[in-house]
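Shown next, in structure tokens, is the structure this report addresses.
Values quoted throughout were computed directly from the atomic coordinates according to the rules given, and no laboratory measurement underlies them. Here the structure is a predicted model, which is why all the values come from computation and not from measurement. In this analysis, Cβ positions are derived from the backbone assuming ideal geometry, glycine residues included, and neighbour counts consider all displayed protein chains.
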Amino acid sequence: VPVLVILMTVISYLLQRMTPMATVDPSQQRMMALMPLMYLFFFYKLASGMTLYWLVSSSVQALQQVYINRRMPPANAPPPVARKAIQSKG
């Protein structure tokens, strides 16, 4: 198996694990977990240029997701304006 395809599969799996899912449906979560393996089979027969394009795109998306995850507060935290209002009442 070409190195680009394996690297692309690993990056796609990491990106899928970093991205928050809006649904809690277990069957959809399983399907999304298996998608990087499906990419392995799809991209194995494609030209290396397409695999390289997908690898670079996935890498940029992963970097963006790391940045967003670090910059955004957790989903259960109140927005900054609400925190100030709560603090001023207390």
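Worth pointing out:
- Region 1-41: proportion of alpha-carbon pairs further apart than 15 angstrom, %: 41 percent
- The protection proxy used here, the mean number of other Cβ atoms lying within 10 Å of each residue, ranks peptides 24-34, 2-12 as follows, highest first: 2-12, 24-34.
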